[in-house]
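Contents: one structure, followed by commentary.
The values are calculated or read from the model by the stated rules, or taken from the named source; none is laboratory data. Just so we're clear, the structure is a prediction, and the values are computed from it rather than from any experiment. Reconstructed Cβ throughout: ideal geometry from the backbone, glycine too, with neighbour counts over all protein chains shown.
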Amino acid sequence: MTRLLMPQVRERRTPTRVGRTYHLRTFGCQMNVHDSEGIAGLLEADGMVPASDPDTADLVVFNTCCIRENADDKLYGSLGMLKRTKDKRPEMLIAVGGCLAQKDRDLIHERAPWVDVVFGTHNLQRVVSLLDYAEEWGPITEILEESEAVAVVPAKREVAHSAWVTIMVGCDNSCTFCIVPSVRGGEISRRPGDVVREVQALANDGVVEVTLLGQNVNSYGRDLELGGHKALFADLLRRVGDVNGIHRIRYTSPHPKDFREDVAVAMAETPAVCEQLHMPLQSGSDRILAAMHRGYTAERFLAKLDLARRHMPGLALSTDIIVGFPGETDADFQFTLDVVAEAKFDSAFTFIYSPRPGTAAAEMVDEFLAPEVIQDRYQRLTERQTAIGLATNQMLVGETIEVLVDGVSKTDAAMCSGRTRTNKLVHFPAATAAGSFANVRIHRAAPHFLVGELA
Ligand code: SF4
């Protein structure tokens, strides 16, 4: 039932759903969270207001992900629960977008025919027009194979002082565990001038911190030819660093094989760029890295960390590690522990491998490991990393550090929380406004946060 939107459906210019409510649920990664900000921005530009309860909302949108485990179960479980509401209130609308929609396409309407709109990763900016169509003509699935450009829509930001800025979408790599290239397509970069204009507009709106977002930011600009030159990520960092009012710049995610010295130099020479780098290791075994198609060895990975640290002393490093990739032996896992010990990451996101349908690794069924073997390795890895994280944080006790305040702590109303330039979470007793900077003297360290008081 995949159809393209009929041309007679008009693009909206004035809000027509004023006062109607939407409930938006996001599954998955930061890219999806940012896409959801765009979807919310479009719905609110059409007059809608957010609602916390899907059972009473006029519209429920699921922005899906197929990267995380059991994504299908979560989506179809949620849709199943919503069917009762739709039976009682047939006028409500249900929309499903994002990576899983891009992958499953017509399957969503086959499994959940009560869904009104299915849209993919390349056409989220058309969500309002698709809702118009569904209200007038009935259910629609619109999946585009690729984007011609990065869609920029007015985002509804949850945090006033901090914003995500998409600089590119898609990925040209082929990591065997990852579904992203098939659901997000190849790399498309935004023109640097467009990125800088968006950052300037955000700064004018009170934003002091931006995170530049892409699946593989270090290959930013390879597809852009500007005045006979390729646009480079290093140049983009410098240009964003020149924007008045932006005090902190972060970016995610780089690929270790594409991280080069010009970027490390630009980071060091651009005062607003934070001393923080997320560099996904995935495995410390060269054999497993080759099976993953990662394009680097453990030695080259560590050399990249050295390069970055040489240019940016005090750099905090975080990483991603997959435990139990098909065929991983005890010896392979030991290599991972060895790299973790040598790299001394400040923090790590550790994942248990689980197959994603449609990826090459999901076909390696003969090499899947027993769950108890993976669980044991996972525990050993997290214990090792937790100890390293604690030791790294303990070195900060007694120091006074600048914190960008996020607001009142989620767990203790007497405390504020914020982030250091190195992206460490800090709690301190005060009533300091979100978006302001505070100097905090650290007196206690835990593996994943610091505690202090206003200096
Ligand atoms: S670099 Fe690899 S892991 Fe990252 S998005 Fe591309 S294919 Fe996926």
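The table for this structure:
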item	result
Count of the range 220-246 residues which are within 16 Å of the ligand (Cβ to nearest atom) and surrounded by fewer than 21 Cβ atoms within 10 Å (Cβ to Cβ)	2
Selection from the range 177-219 of residues that are within 15 Å of the ligand (Cβ to nearest atom) and surrounded by fewer than 17 Cβ atoms within 10 Å (Cβ to Cβ)	182, 186
Test: residue in the range 277-299 that is hydrophobic (A, V, I, L, M, F, W, C), assigned by TED's automatic domain parsing to the domain that holds residue 345, away from the ligand (no atom under 16 Å from the Cβ) and more than 20 Å from residue 419 (Cβ to Cβ)	yes
Residue satisfying all of: in the range 113-172; over 16 Å from the mean Cα position of the chain (by Cα) and of a type in the set (Gly, Ala, Ser); surrounded by the most Cβ atoms within 10 Å (Cβ to Cβ) among these	120
Search result, residues across the range 59-88 that are surrounded by fewer than 18 Cβ atoms within 10 Å (Cβ to Cβ), of a type outside the set (Lys, Arg) and assigned to a loop (DSSP other than H, G, I, E, B)	69, 70
Residue within the range 143-154 that is touching a strand residue (DSSP E or B) at 6+ places or on another chain (Cβ under 9 Å), among the hydroxyl-bearing types (Ser, Thr, Tyr) and at pLDDT below 90 present	yes
Residue 358, sole failed condition from (1) outside the structural domain of residue 433 (by TED's automatic domain parsing); (2) surrounded by 15 or more Cβ atoms within 10 Å (Cβ to Cβ)	(2)
The listed residue being of a type in the set (D, E, K, R), within 27 Å of residue 395 (Cα to Cα) and more than 24 Å from the chain's Cα centre (by Cα), out of 286, 306	306
Residues of the range 206-239 that turn out to be free of Cβ contacts under 8 Å to residues at least 12 places away in the same chain and within 20 Å of residue 158 (Cα to Cα), as a count	0
